[in-house]
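Report on the structure given below.
The values are calculated or read from the model by the stated rules, or taken from the named source; none is laboratory data. Predicted model, so just to flag it, every value in this text is computed and none were measured. Here the Cβ positions follow ideal geometry from the backbone for every residue, glycine too, while neighbour counts run over all protein chains shown.
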Amino acid sequence: MKANDKSADVIIIGGGIMGCSTAYRLAKEGVSVLVLEAKEIGNGGSSRNAGGVRQSARDIRELPLAMYAVSNIWPTLSEELDIDVEYVQNGNLRLGKTEAHVTALTNLVKKSTSVGLDVRMITGNEAREICPYMSDEVLGASWCPSDGHANPLHTTLGFYKKALEYGATFATGIQVFGLQKVKGRVRQVVTDDGIYEAQHILLCAGHASRAIANTVGIDIPVERETSEVFVTEQMKPMFGQMLGTSDADFYGHQSAHGSFVLGGMGGLEKFTSNYYGDETHNVTLPKLSRGVIKYFPDLANVKIIRSWAGQYDVCADGVPVIDNVSEVPGLTIAFGFCGHGFGIAPAVSIALCELIMKGKSETIDISKLNYDRFAAKG
Amino acid sequence: MGIIIRTKHTQPFIPQPDDSMIICRCEEITKGEIRKAVYDGMRTINEVKRYLRAGMGLCQGQTCQRLVLGIIASESQISAGELGHITGRMPVRPATMDYIGKSTEHSEGVERYESK
């Protein structure tokens, strides 16, 4: 594509991991792809998450995506993308400190095992054998040995780099205002740089997607939620596992670099004046620090280097919409990932590629992630 | 930041004699690595930072940021003013979890909320 050429077979709105990985797969198939991004590549949740590649504790509607990604994509993704995505498959421990936590975890485990995932409840002592730095306060945990973590920055930018190599074009710094139909099909993307045109449009712009979909009469109940992540100084290798807690005090892992990447919510973000910005909040980092220390006392004197905030695109029922929109032929949507999109992204892009090229997802069952599933109660 | 169009590179990567010079001291990232990142498609300083860790170390880019920007600008033929800057992050200086955890411990509103 030349710099002044404003058309492609497929236009992807959103240069995050969903957009980059789908651009990669489409370009590899010889489709001409143009990705429009308002800011930078991977500026949103794709670069701000804590890197979980997790199947356990997922809603069973999106579990097929997670299981497919872990079985078929993640183990060889570094070779596929020519970049070290730092994928580590050392299991996921979801920790409980009270009987109520253990009950909640046990229920999650039952749901996951019903669809064939190898996840089980273990005692506090068994959890401490897997991860010796854990405090005695941990009563029990769910343990999924095939879960793990990866580096979201390398993964997102790796897909981007490969998409470029296969001929995709990316245009950043372009604000999308809306979509327009021509003769009944979605055809035009209206931007602050004029009108772009495509045969097919994929909308995967996180929480910004809702307003864009609204311009062609589609409304998906998605709202933003702020979460924060921090990173510590480099430490010797201590934990191989992805960690989370039943109470959602924090989640995270130790990266290949040696730093700990840990995140969570403070609980008071919604009541601050800058809730919809990407700014961190002064109460969140202290609260997360206290949460981590309760579970891992040895980390008390580890130094925090930096922290950042990001926005979840939370869908009303906790799983994303990944579908072709029948009222708007030519439009595919994928958003509302609720803060757990990173680990499934390599599989989501396979489904998106098939939705765009074949009209339906054949490889992975995404039938429960349809866009027209929402109805008000009563 | 203005509009940046990114497409496949058409020329091979050409090494330079000073590619082994360290630019980001904290993470030991060389000029050659930064040049290669631009060649691979990275354009803004945040993209280079996420790709290589340049500016992610203990000093948070206070030492190398301008040097990295200069290299990206000359490699990509985009003015340094268009490439953004490294986002300032809390805390300004490294501090232990224990210290930060105690910083709002006595804030009544927080304790009340957490005790629910």
Unmet requirement for A:ILE83, which otherwise passes all of (1) part of a helix (DSSP H, G or I); (2) within 14 Å of chain B (Cβ to nearest Cβ); (3) not acidic (Asp, Glu): (1)
Single condition A:ILE293 does not satisfy, out of (1) in the same structural domain as A:GLN241 (by TED's automatic domain parsing); (2) farther than 16 Å from B:SER103 by Cβ: (2)
Can you name every residue in segment A:301-340 that is β-branched (Val, Ile, Thr) and in a loop (DSSP other than H, G, I, E, B)? A:VAL302, A:VAL319, A:VAL325, A:VAL328
Those residues of segment A:134-151 which are touching a residue at least 24 places away in the same chain (Cβ under 8 Å) and outside any strand (DSSP E or B), in sequence order: A:MET134, A:SER135, A:GLU137, A:VAL138, A:LEU139, A:PRO145, A:SER146, A:ASP147, A:ALA150, A:ASN151
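For segment A:159-182, how many residues are among the hydrophobic types (A, V, I, L, M, F, W, C) and closer than 19 Å to A:ALA345 by Cα? Don't jump to the end; show me each part of the working.
So in segment A:159-182, the residues among the hydrophobic types (A, V, I, L, M, F, W, C) come out as A:159, A:163-164, A:168, A:170-171, A:174, A:176-177, A:179, A:182.
Among the residues that remain, those that are also closer than 19 Å to A:ALA345 by Cα are: A:159, A:163-164, A:168, A:170.
Adding up the residues that qualify gives 5.
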Restricting the first residue to segment A:9-29 and requiring it to be at positive phi, which pairs with a second residue that is of a type in the set (D, E, K, R) and surrounded by 24 or more Cβ atoms within 10 Å (Cβ to Cβ) meet a Cβ separation below 8 Å and a spacing of at least six or different chains? A:GLY14/A:GLU37
Scanning segment B:4-42 for residues that are facing chain A (nearest Cβ under 9 Å), in contact with a strand residue (DSSP E or B) (Cβ under 6 Å, 6 or more places away or on another chain) and free of Cβ contacts under 8 Å to residues at least 60 places away in the same chain gives B:ILE5, B:ARG6, B:THR7, B:GLY41
Residues satisfying the stated conditions in segment B:66-105, i.e. in contact (Cβ under 8 Å) with a residue 40 or more places away in the chain, facing another protein chain (nearest Cβ under 9 Å) and of a type outside the set (Val, Ile, Thr): B:GLU82, B:GLY84
Give me a count of the residues in segment A:25-70 that are within 13 Å of another protein chain (Cβ to nearest Cβ) and part of a loop (DSSP other than H, G, I, E, B). 10
So the check is Cβ under 8 Å with 6+ separation or different chains; which pairs have a first residue in segment A:330-352 that's in the same structural domain as A:ILE13 (by TED's automatic domain parsing) and surrounded by 24 or more Cβ atoms within 10 Å (Cβ to Cβ) and a second one that's among the aromatic types (Phe, Trp, Tyr) and modelled with pLDDT under 95? A:PHE337/A:TYR312
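Quick grid of which residues meet (1) on the phi > 0 side of the Ramachandran plot; (2) over 10 Å from the mean Cα position of the chain (by Cα); (3) at pLDDT below 95:
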position	(1), (2), (3)
A:GLY330	yes, yes, no
A:PHE342	no, no, no
A:MET357	no, yes, no
A:LYS360	no, yes, no
A:ILE366	no, yes, no
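Out of all the residues in segment B:41-82, which are under 15 Å from B:CYS24 (Cβ atoms), among the hydroxyl-bearing types (Ser, Thr, Tyr) and not in a helix (DSSP H, G or I)?
B:THR63
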B:SER76 fails exactly one of (1) more than 15 Å from the chain's Cα centre (by Cα); (2) farther than 28 Å from A:GLY51 by Cα; (3) surrounded by fewer than 18 Cβ atoms within 10 Å (Cβ to Cβ), namely (3)
Subset of segment A:268-286 (residues that are at the interface with chain B (Cβ under 7 Å from one of its Cβ atoms), in contact with a Gly (Cβ under 7 Å, 6 or more places away or on another chain) and in a helix (DSSP H, G or I)): A:PRO286
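Determine which member of the set A:ASN107, A:ASN43 is among the polar types (S, T, N, Q) and surrounded by 17 or more Cβ atoms within 10 Å (Cβ to Cβ). Quick ask: steps written out before the conclusion?
Values: A:ASN107 fails: surrounded by 17 or more Cβ atoms within 10 Å (Cβ to Cβ).
Criteria check complete, one pass: A:ASN43.
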Counting only residues that are within 25 Å of A:PRO75 (Cβ to Cβ), more than 24 Å from the chain's Cα centre (by Cα) and of a type in the set (Gly, Ala, Ser), how many does segment A:128-149 have? 0
A:THR123 is checked against (1) among the β-branched types (Val, Ile, Thr); (2) within 30 Å of B:ARG50 (Cβ to Cβ); (3) away from chain B (no Cβ under 14 Å) and fails just one. What number does that condition carry? (2)
What do you reckon, is B:VAL38 part of a helix (DSSP H, G or I), more than 12 Å from the chain's Cα centre (by Cα) and aliphatic (A, V, I, L, M)? yes
Scanning segment A:104-158 residue by residue, those touching a helix residue (DSSP H, G or I) at 6+ places or on another chain (Cβ under 7 Å), closer than 27 Å to A:PRO237 by Cβ and β-branched (Val, Ile, Thr) turn out to be A:VAL119, A:VAL138, A:THR155, A:THR156
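Test B:THR63 against the stated conditions and say whether it is over 20 Å from A:SER47 (Cα atoms), more than 11 Å from every other protein chain (Cβ to nearest Cβ), hydroxyl-bearing (Ser, Thr, Tyr) and touching a residue at least 12 places away in the same chain (Cβ under 8 Å). Steps first, answer last, please.
Numbers: over 20 Å from A:SER47 (Cα atoms): yes; more than 11 Å from every other protein chain (Cβ to nearest Cβ): yes; hydroxyl-bearing (Ser, Thr, Tyr): yes; touching a residue at least 12 places away in the same chain (Cβ under 8 Å): yes.
Judged against the criteria, B:THR63 is a match.
Run down A:ALA198, A:ALA256, A:ALA208 and say which single residue is in contact (Cβ under 8 Å) with a residue 60 or more places away in the chain, surrounded by fewer than 24 Cβ atoms within 10 Å (Cβ to Cβ) and part of a helix (DSSP H, G or I). Write out each step before concluding.
Details: A:ALA198 fails: part of a helix (DSSP H, G or I); A:ALA256 fails: part of a helix (DSSP H, G or I).
Matching residue, one of A:ALA198, A:ALA256, A:ALA208: A:ALA208.
Being part of a loop (DSSP other than H, G, I, E, B) and under 21 Å from A:ASP5 (Cβ atoms) is the filter here, so list the residues in segment A:152-195 that pass it. Quick ask: steps written out before the conclusion?
Step one: list which residues in segment A:152-195 are part of a loop (DSSP other than H, G, I, E, B), which gives A:166-168, A:173-175, A:183-184, A:193.
Residues satisfying the conditions are A:TYR166, A:GLY167, A:ALA168, A:GLY173, A:ILE174, A:GLN175, A:ASP193.
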When you go through A:LYS358, A:LYS368, A:LYS377 one by one, which is the residue that is surrounded by fewer than 24 Cβ atoms within 10 Å (Cβ to Cβ), touching a residue at least 60 places away in the same chain (Cβ under 8 Å) and among the charged types (D, E, K, R)? A:LYS368
